[in-house]
Amino acid sequence: MEYMEQFEKIIKEQTARVEAMKNDGGFIDYQALDTIKIGIIGGDGIGPAITKHAYKVLASLLEDEVKKGKVEFRIIDGLTIENRSAVQKAIPDDVLEEIKDCHVLLKGPTTTPRAGDKWGNVESANVAMRKALDLFANVRPVSIPEKGIDWTFFRENTECLYALGSQGVNINDDLAIDFRVITTPGTERIARLAFEYARANGKKRVTIVTKANIVKKTDGKFLNICKEVAKDYPEIEVDDWYIDIMTAKLVDEKRRNQFQVLILPNLYGDILTDEAAEFQGGVGTAGSSNIGKKYAMFEAVHGSAPRMVEEGRDKYADPCSVIRAGAMLLSHIGYQEQADKLYKALEECTVTEKKLVITGREDGATGDEFADYILSKITEA
Ligand code: IPM
Ligand code: MG
């Protein structure tokens, strides 16, 4: 009957989480802080190599702010799979302390252990950080102007199958059960953020994606709450789609351009944003922001590519995704001008001018050369 106790524990924890959400304060105002602390987390595999370049670019753009003491960078080295595995924790305590002492974070990829590998049963550092810092909104933009595609995905980031992904139970040898969590305040806050974004950016339509015809309780709640929130935004058109047909409609040229802002529970958002990023050149090109009320974390969408490190190719790894995440960070903390400069430089270096090309191998530019290329565009501007 161990699993009954486990279930009871889960209910208690989640009820407490709901109460905490109901009582949380508003969004932090970065510009009102004396000093904005930006943590740079290298992570695993190619992470330290590419994150170093993003740091260099950010440090250059914020040089004056650093001199004034308005911005401070903190380098956080300890979030590696070796350290996490040694203490069997998704984020070692001392590293979490360093993280929590920052206001925003730029993070390279971290290795996600899978069942049965040599790292033991450690939860994904990404997922743990999203939970520990309550980063409830995973905002992932995909834009391809020449195809008329301009999507912004608001993926809920702390609930759904992810909330208790490591707390499922094997009832017996034949029966395994996992739990899926959707809450009212958890849905309300992601929906509100999405609608506010739509309103502030002149978007005409918000699309809610679920599988509420089958998953009635949790997706049913998600859909209903999103529709409730929508009532406060009467100027915005709302439609809802099921996730299966949504994956098809993203490739439907006659349909896809109507989508603008999309709201999804965690797992559907995970899947659909990989599909969406593929239109733009793959997950390696996308940046991802994880927004909470108190903290925010910006990261590369791709993985840690351990093979590139094994083959000595990490210096050829493409730093663009994490640099793009850096641009999102700048914009989030109120340095829009610097962010725009960086977006423009990225556009020139990867689309319009393309004087250097990264291939991930010796025949391409190194990440270092590419970062200098981006920096040269910024200073030129
Ligand atoms: C993502 C990734 C993560 C996720 C993994 C690495 C845990 O796929 O950020 O989309 O599933 O959320
Ligand atoms: Mg994913």
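The values are calculated or read from the model by the stated rules, or taken from the named source; none is laboratory data. These numbers come from a predicted model, not from an experiment. For neighbour counting, all protein chains shown are included, and Cβ atoms are generated from backbone atoms with ideal geometry for every residue, glycine included. We work out accessible area using only protein heavy atoms, side chains counted, and drop any ligands, DNA or RNA first. Shrake-Rupley method; radii C 1.70, N 1.55, O 1.52, S 1.80 Å.
Could you please state, rounded to a whole Å, how far the C-alpha centre of the stretch 201-278 is from the C-alpha centre of the stretch 323-350?
Using only Cα atoms to place each centre, the spacing works out to 27 Å.
Accessible area per residue, 1.4 Å probe, Å², for the stretch 85-132: what's the number?
Computed with neighbouring chains in place, this is 48 Å² per residue.
Would you tally the net charge around residue 105, using a Cβ to Cβ cut-off of less than 14 Å, leaving residue 105 out, and scoring K and R as +1, D and E as -1?
In short, -1.
Find the all-direction average of the projected area of the Cα convex hull for the chain, expressing the result in square nanometres with one decimal place.
Here the figure is 20.3 nm², rounded to one decimal.
Where a Cα-Cα gap under 16 Å defines reach, which lysines qualify for residue 254, not counting those fewer than 8 residues away within the same chain?
Of all the lysines, those that pass the test against residue 254 - Cα under 16 Å, at least 8 places apart if same chain - are 147.
Consider all pairwise Cα distances in the stretch 1-49 and report the whole-number % of them above 17 Å.
Percent of Cα pairs beyond 17 Å in the stretch 1-49: 68.
For an R0 of 35 angstrom, estimate the FRET efficiency from the Cβ-Cβ distance between residue 66 and residue 315 and round to the nearest 0.05.
For residue 66 and residue 315, the calculated efficiency is 0.85.
Taking the Cβ of residue 257 as the centre, find all other residues whose Cβ is under 15 Å away and add up their charges (Lys, Arg: +1; Asp, Glu: -1).
Taking every Cβ under 15 Å from that of residue 257, the sum is +2.
Mind checking the stretch 323-381 for GluC sites (Glu not before Pro) that DSSP puts in a loop (not H, G, I, E or B) and that have at most 13 other Cβ atoms within 10 Å?
353, 362
Per the 1.4 Å probe, what fraction of the accessible area of the chain, in percent, lies on carbon and sulfur atoms?
50 percent
Note the full-extension length gain between residue 275 and residue 249 as 0.36 nm times their separation in residues minus their Cα-Cα distance, in nm to one decimal.
So the chain would gain 8.2 nm between residue 275 and residue 249.
Among 24-32, 65-73, what's the highest-first ranking by average C-beta atoms within 10 angstrom per residue?
Descending packing order for the listed peptides: 65-73, 24-32.
Pairs to check: 107/344; 315/354; 56/89; 12/211. Give those whose C-alpha atoms are more than 24 Å from each other in this structure.
The answer is 56/89; 12/211.
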